[in-house]
Amino acid sequence: MLNSGLKYFLEVAQAGSLSAASATLHVAISAISRQISRLEQEVGAPLFDRASRGMSLTPAGHVLLAHARRTALESEATLNAIASLHGSPGNLIRVSCAQGLSNDVIPTAIAHFRKRYPDTRFFMWVGSAKTATDRVMEGESDIAVTFSVEPEPGIAVRHAIQSSVMAVMAKGHPLAGRKAVSMAEIEQYPLALTDKGSITRKMFDHSRGMAGVFVEPAVTTNYAGSLQAMVRESDSILLAGYVSMADRLARMDLVAVPLTDAEMHFRSVQIQVMTGRQLPERMEAFIDMVTEALNNIERREAALDQD
């Protein structure tokens, strides 16, 4: 359990000032300030840079913040485990995931997991790939299943598979029968792309920037799922990973064609947790299930390439 010093430190770090932390904790500012000073004496270094507009963490403060977050999460998991012994609700797993993985992969894994462990509760957050990662770093999610192109500090990757970007189109599209297509070829058709906050869009923009080509998408959205029906009903092309579309291609009369451009292959799907955090057995079991699901999709994609 967190002692008062760490509890107050964690709140000040999150709130950005003593007064904001005081309002949340319902504790006098002077009491919080004393605890912070005591912590600084214990660690032998200042934890905050103090300014008129608030308090920001020093390098030592960032190190202690990571420790405090891990301690708080492990304390919460311990209390949940004890509560479950007495029949109280417990075994909550908080999962954050990128939009493409919220279509089928994670909901299916949750459904199968609850058949095995029916007392498990889930909170699933869906959004951008980067924010899914940030939620784990900040202790708001226990596990992130998301796309990534580079290492993130404070994040341990428990499993990863490559997730190249592919061209998704209707079965009757002129390019649908090709073994592979280039970016130059798909640019001859209307493109339906996610917005600039998505990793797929960043990879696309980087690719076209390297080629010195500007492409204006026909449709842009912050929700990739809405593009699938449009692509099915037109000659437009959607960029997505096979992992996002594997269970939807046949259902929606779509095909996924690999791209030949090397820069569209530098992406992975990762299962991420907070570095150094000891997870409860139930969360480890869920990670194992998602790992198996991702490996199955990877094998299906490999078989697709061999056809």
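For the reader, a short list of remarks on this structure follows.
- Residues located in the range 162-180, provided they are in a strand (DSSP E or B), crowded, with 17+ Cβ neighbours inside 10 Å and in contact with a Ser or Thr (Cβ under 7 Å, 6 or more places away or on another chain): Val165
- Residue within the range 134-144 that is hydroxyl-bearing (Ser, Thr, Tyr), surrounded by 22 or more Cβ atoms within 10 Å (Cβ to Cβ) and touching a Ser or Thr at 6+ places or on another chain (Cβ under 6 Å) present: yes
- Answer from Arg53, Arg69 - the residue that is among the basic types (Lys, Arg) and either more than 24 Å from Arg277 (Cβ to Cβ) or at pLDDT 85 or above (or both): Arg53
- Which numbered condition Gly90 misses (of (1) closer than 30 Å to Arg267 by Cβ; (2) modelled with pLDDT under 85; (3) buried (at least 19 other Cβ atoms within 10 Å of the Cβ)): (1)
- Unique match (being closer than 24 Å to Val215 by Cβ, at pLDDT 95 or above and not charged (D, E, K, R)) among His159, His173: His173
- Number of residues in the range 99-119 that are buried (at least 21 other Cβ atoms within 10 Å of the Cβ), of a type in the set (Val, Ile, Thr) and out of contact with any strand residue (DSSP E or B) (no Cβ under 8 Å at 6 or more places or on another chain): the value is 0.
- Residue under evaluation Ala229, criteria (1) under 29 Å from Asn296 (Cα atoms); (2) hydrophobic (A, V, I, L, M, F, W, C); (3) in contact (Cβ under 8 Å) with a residue 24 or more places away in the chain, criterion not met: (3)
- Those helices (runs of 4 or more DSSP H) of the range 217-307 in which 2 or more residues are loosely packed, with under 14 Cβ neighbours inside 10 Å and of a type in the set (D, E, K, R) occupy 281-306.
- Boolean, Ala129 is hydrophobic (A, V, I, L, M, F, W, C) and crowded, with 18+ Cβ neighbours inside 10 Å: yes
- Output for the range 266-291, where each listed residue is at pLDDT 90 or above and more than 29 Å from Leu73 (Cα to Cα): Arg267
The values are calculated or read from the model by the stated rules, or taken from the named source; none is laboratory data. Given the structure is predicted, the values throughout are model-derived calculations rather than measurements. Note: ideal-geometry Cβ built from the backbone for every residue, glycine included; neighbour counts use all protein chains shown.
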